[in-house]
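Peer 1: Please find one structure pasted underneath; my questions will follow.
What follows is calculated from the coordinates using simple rules that are stated; it is not laboratory data. This is a predicted model, so every value here is computed, not measured. Positions of Cβ are backbone-derived with ideal geometry, glycine not excepted, and every protein chain shown enters the neighbour counts.
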Amino acid sequence: MERSVDIERRERLQARMKEEGFDALLCRLPENVVYLTDYWPHHGFSFVFLSAEGEPVLYLPEVEAEYADGQWAEVHTFGWGLLKDADLYASYRRLLGDLAQRFDLRRAVIGVEKSFEVVGSSYRAAEPVVPAAPWWDLLGEVFSQAEFVDANGLLSAQRAIKTPYELEKLRIANEVAEMGLTAFHRQLKPGMTEAQVGAMVEAEIRARGPGHRGARLVRALAEVGAGPVGSTKGTLLVPSTDRVIQEGDIVMVELATVVDGYWSDLTHVDVAGEPSDRQREVYNAVLEAQQAAAAQMRPGCAFEDPDRAAREVLEKAGLGEYFVHITGHGVGLRYHEFIPILMPGAQDKLVRGMVSSVEPGVYIEGFGGIRIEDNVAVGEDGPVFLSTPRVRW
């Protein structure tokens, strides 16, 4: 993908900042750093400042400097992690002090990440870093006369409506995810364990994803459930086990994939061997429900409309009681975003540029679970699949 600066999302955000009375934003969570700078932090010690005018100012460890783009932000580095480097919070104090003086933030209204309790990971997901008391205490000292306001609502609402640039990045994430899922469909066979299937999917993505249309940093997490019990546990995304897959088992792969900070959330199902007539019947009913739901991903439809459409199909097929979760959730700079939320009673309206998973599923005791999940954008004239739509069995 050709690299360019997504001016549209910055200008739209800054316009809303002015409307809501924010003089600036100060963000550390990786998902918001990506949103403001298109750089996905590795360790989670980066932070970014954005005033209501001008470009972002990004501060990051010097070991990550090659991943930041000076076209997106004014980039500054600091030493971290080596004996030569200053204490991290001493560096923070110096850099924040420079910001306060440069932008005259003594009495500014500054938006911060107060109420993000579900957060997207940095690239180094094994050890997430989140701002906590030391960071907040430091901000209070450096900006002692400023007013700090929770920017969760502002950022979440703005992030929910994707620009064309973001939609293309999400499409790339889905293309990379499907590398692993293609391997799943081709290589699944009786005798493999759930864990082996998940490892195969993740390995294919990690091996082939970097370099695909400019992708650099790629991660994948596949959870696999198999058989009449394991596949029903997909309702709550339980871990893969050492259970050996048997001939005729339904096998479900729930897959989170992130490419340079942009996420894909897909679920694929297959059978180890040939599907039975009943498995085909249920799969095709769920597919029809998913297609009906996706058809409602149109501007002006309520969040509940795709959910209602899916439930109507499954009720007619005699499967309604087995559909026990929502139909979808936002996807973007996090695996699960909260806007939109496709569920009964949700009255907010879909807007062009929103992206949601569309994932009806049924979970039948003694039979197994089947869920079909794609990522679908609200287009000007209707749904736009960012992943590859499934076909009937």
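Peer 1: Under the classification rounded if a/c is under 1.5, otherwise prolate if a/b is larger than b/c and oblate if not, where does the stretch 169-281 fall, given a ≥ b ≥ c as square roots of the Cα gyration tensor eigenvalues?
Peer 2: Prolate.
Peer 1: Springs between alpha-carbon atoms under 10 Å, Gaussian network over the chain: tell me which of Ser51, Ser264, Ser115 tops the mean-square fluctuations.
Peer 2: Looking only at Ser51, Ser264, Ser115, the biggest GNM fluctuation is shown by Ser115.
Peer 1: Give a quick list of GluC sites (Glu not before Pro) in the stretch 1-46 that DSSP marks as loop, anything other than H, G, I, E or B, with at most 14 other Cβ atoms within 10 Å.
Peer 2: Sites meeting the loop and neighbour criteria: Glu2.
Peer 1: Between Gln290, Gln14, Gln145, which gets the highest mean-square fluctuation from a Gaussian network model of the chain, Cα cutoff 10 Å?
Peer 2: Per the Cα network of the chain with a 10 Å cutoff, Gln145 tops the list.
Peer 1: Give me the distance between the Cα centres of the stretch 212-233 and the stretch 1-65, rounded to whole Å.
Peer 2: What the calculation gives is 29 Å, centre to centre.
Peer 1: Related question: What is the magnitude of the charge dipole of the chain about its Cα centre, with +1 placed on the Cβ of each Lys and Arg, -1 on the Cβ of each Asp and Glu, and no other charges, expressed in debye to the nearest 20?
Peer 2: For this selection, approximately 220 debye.
Peer 1: Here's a follow-up. Which far-off residues, 5 or more places away or on another chain, put their amide H under 5 Å from the one on Val129, with H placed in the peptide plane?
Peer 2: Residues meeting the amide H criterion: Ser122.
Peer 1: Per residue of the chain, what 222 nm ellipticity follows from adding -39500 (n - 2.57) for every DSSP H run with n ≥ 4, rounded to the nearest 500?
Peer 2: -10500 deg cm²/dmol
Peer 1: Tell me whether the stretch 161-385 comes out rounded, prolate or oblate; compute the Cα gyration tensor, take square roots of the eigenvalues as a ≥ b ≥ c, and use a/c under 1.5 as the rounded threshold.
Peer 2: Oblate shape, in that a/c is at least 1.5 and b/c is the bigger or equal ratio.
Peer 1: Which of the lysines could be linked to Lys316 by a straight reach, that is with a Cα gap under 27 Å, when you skip same-chain ones fewer than 8 residues away?
Peer 2: Lys233, Lys349
Peer 1: Can you give me the three principal axis dimensions of the stretch 7-159 from its C-alpha atoms, in Å, biggest first?
Peer 2: 45, 30, 30
Peer 1: Turning to a different aspect of this structure: Run the dipole for the stretch 100-151 about the Cα centre, Lys and Arg Cβ at +1, Asp and Glu Cβ at -1, nothing else charged, and hand back the magnitude in debye, nearest 20.
Peer 2: Using only the charged Cβ atoms, the result is roughly 200 debye.
Peer 1: Angle between the Cα long axis of helix 7-20 and the longest principal axis of the chain, 0 to 90 degrees, nearest 10?
Peer 2: 70 degrees
Peer 1: Using θ = phi - 60° and the Karplus form 6.51 cos²θ - 1.76 cosθ + 1.60, what ³J(HN,Hα) does each residue of the stretch 274-291 get, whole Hz, x for Gly and Pro?
Peer 2: Listing the rounded values in order: 8, x, 6, 4, 5, 5, 5, 4, 5, 4, 5, 5, 5, 4, 4, 5, 5, 5 Hz.
Peer 1: Still on this structure, I have one more. Expressed as a whole percent, how much of the Cα-Cα distance distribution for the chain exceeds 31 Å?
Peer 2: Result for the distance tail: 41 percent.
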